[in-house]
Amino acid sequence: MKSHEWLYLKQHPTLWRILLGILVVPLFYASLLLASVWDPYGEFHRLPMAVVDQDQGTRTLDWGKSVSQKLVASKTLHFQRMTLRRAQRELKAGQLFLVLKIPANASTKLSQLATAPQQLKVTYDTNAGQSTVASKMGATAMQKLQAELNQTTIQTELQVSQQAALKAGQQLTVTAKQLGQLSRASAAGLPATQIATATQKISGGLTRGGEQLSEVRRPDQLRQLAMPVKLVQHDVISVANNGTGMAPYFMAISLFVGCITLNIIYDARQRHGEYRNFVRAWLDKMGFLWEFVLLAASAMWLSVRYVIGLRPLEPGKTYLLSLLIVLAFFSLVTFFRLWFGLTGAWLMLMFMLFQIGASGGTYPIELTNPLYRAVHAYLPMTVAMTGLRHTISLGGSITESIWILVGMVGFFSAGTLAYFYAHRKDPVVV
């Protein structure tokens, strides 16, 4: 028995394009998304960090310089030496993800471990407002670094202690030889005053040798100094929770999905009235759809603000920026839907899936593949997320994002207007 559906498809070959397009959606979604998160920890050496060496080395130790050189030469971490002012500026701008600050008294404290042990606290700054995931990944890397620094410091302390013990032992050996010589001199009948003076010097030598030996730390004492260096995290811009950090990503996705769904369900090419010119027809159609997407964006904002509990740094700007974002996304999607029909809507769906991976919403873009890194800055979703990050957690100017989004609205709206001009004589659908 022949399937009527297969017979229908045979009679309508254009439907094959639609079905094939739907067929590859799961393939694209899985592939593009997995490509963006495939091995972020394996690419961790690409995450830009800075080390600020403020240490004032001692005569015998320059710990800050030694640590800085090792970090810059490391192949597992991407450290650069910077001034404090530059590092803080680039961290807040999102150009750096971690800044390690070595304090001025680092060498002084560590050189006194044998006599006056004090734990050295080294601060590293992260920016959770820019990327909560990068902040957490940086904390994990610093825990490993802390263990390595402590191990190196303890080994250095052991060597110093061993050298002190050797020196004290050598002094006692010399003193013992002097005692032997004194005994022989006494037996030879030297004057008592000379023997008394020699005895006093030898006693002083024994005392100093004993004091030095007592200062040499035993293994059980060294175990008490198992963590002479402690790395302390400080977020220059903190977020209330993980959801706040991820909000720009999910808000941008939801607005793009809404625009695609509207264009698939509601065909903007159909006209429902006679107009004197194409501009009036365009204004009637686009005006109605603009109102609809603005209402949808407002509903999203009310939900994340009052139901989910998002607390942006600048609520008013976040809401207004969301309205501009949805207009930019809608203008882009509608342009392709008008000129290319359902194929255009399908292309926008594929483009959205690509942006989900390439916009760096989950992991920092530096941890993804070369293609995503190359196109990241030019994606509409990246522009939207950048602006939302500033209004939600970072603060600062969103002027650049606004101008790009306004440009998108103007350019693609002109493209939709051109479509209405080209089809100004199309029949009206009642």
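The values are calculated or read from the model by the stated rules, or taken from the named source; none is laboratory data. Keep in mind that what you see is a predicted model, and the values were worked out from it rather than measured. With ideal geometry, Cβ positions are generated from the backbone for all residues, glycine too; neighbour counts draw on all protein chains shown. Accessible surface areas use protein heavy atoms only, side chains included; no ligands, DNA or RNA. Shrake-Rupley method; radii C 1.70, N 1.55, O 1.52, S 1.80 Å.
Shape analysis of the range 271-421 places it in the oblate category; the axes a ≥ b ≥ c from the Cα gyration tensor give an a/c of at least 1.5, with a/b not above b/c. For the peptides 412-421, 263-272, 378-387, residues were scored by their other Cβ atoms within 10 Å and the scores averaged per peptide; the highest-first order is 378-387, 412-421, 263-272.
The residues of the range 338-430 expose on average 45 square angstrom of accessible surface per residue, using a 1.4 Å probe on protein heavy atoms.
DSSP bridge analysis restricted to the range 29-151 gives an antiparallel fraction near 30%, rounded to the nearest 5. Give Lys70/Lys121; Lys65/Lys136; Lys75/Lys109 a once-over and call out the pairs whose C-alpha atoms are over 21 Å from each other. In this structure, Lys65/Lys136; Lys75/Lys109 exceed 21 Å between Cα atoms. The residues packed around Gln270, meaning those with a beta-carbon under 10 Å from its beta-carbon, carry a net charge of +1 if Lys and Arg are +1 and Asp and Glu are -1.
Taking packing as the residue-averaged number of other Cβ atoms within 10 angstrom, the listed peptides 99-106, 286-293 run from highest to lowest as 99-106, 286-293. Other residues within the sphere of radius under 15 Å centred on the Cβ of Ala104, judged by their own Cβ, net out at +1 (K and R +1, D and E -1).
Accessible surface computed residue by residue for the range 1-91, with neighbouring protein chains in place and a 1.4 Å probe, gives 73 Å² per residue.
Counting charges near Gly396 (Lys, Arg +1; Asp, Glu -1) among other residues having Cβ under 15 Å from its Cβ returns a value of +1.
Here the range 57-99 has 49 percent of its accessible surface on carbon and sulfur atoms, given a 1.4 Å probe and all protein chains in place. Take the alpha carbon gyration tensor of the range 292-362, find the square roots of its eigenvalues, order them as a ≥ b ≥ c, and report rounded if a/c is under 1.5; if not, report prolate when a/b exceeds b/c, else oblate. Prolate.
Packing around the peptides 238-250, 119-131, 307-319, taken as the average count of other Cβ atoms within 10 Å per residue, puts them in this order, highest first: 119-131, 238-250, 307-319.
The Cα center of the range 74-129 and the Cα center of the range 362-430 differ in position by 38 Å.
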